[in-house]
Amino acid sequence: MHQHVIVAEDQTELRQVVCLFLDQLFDVTIHQAEDGQVALNLIKTNQHIDLVITDLNMPNMNGLELTRSIRSLKNHQDTPIIMLTSEDIENREIALQLGVNDYFSKPMIPEDIMPAVKKYLG
């Protein structure tokens, strides 16, 4: 089954690394977003999103605000969300309380998040 993933990351280079990793290992369509607002617009216009990978610190709408917004959407309350950040443990607790499924620290090595991605994409 073909799946759809949103990658929300304001750093173009890191976003491309994550997308390349996903493209090589999974049969997915990747929707790229440079901030949380773009990601939210993507999820609102694509009813079938299987996974969201988001940074915490982004312009316009950060990862916490994005998570809160996704969880408020009727069709996406259970959509898996993986958060990548260089932030402290306090934000990790907030993210998990808001509904983030997995949380990884930067610098991120793609192989580190593979088990989580595989869990959600099969």
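The values are calculated or read from the model by the stated rules, or taken from the named source; none is laboratory data. Since we're looking at a predicted model, the values are computed, not measured. All Cβ positions, even for glycine, are placed from backbone atoms using ideal geometry, and neighbour counts span all protein chains on display.
For VAL17, the conditions (1) touching a residue at least 40 places away in the same chain (Cβ under 8 Å); (2) more than 17 Å from ALA116 (Cα to Cα); (3) surrounded by fewer than 19 Cβ atoms within 10 Å (Cβ to Cβ); (4) of a type in the set (A, V, I, L, M) are fulfilled apart from (2).
Looking across region 20-42 at every residue that is assigned to a helix (DSSP H, G or I) and modelled with pLDDT of 95 or more, the one that is surrounded by the fewest Cβ atoms within 10 Å (Cβ to Cβ) is identified as ASN41.
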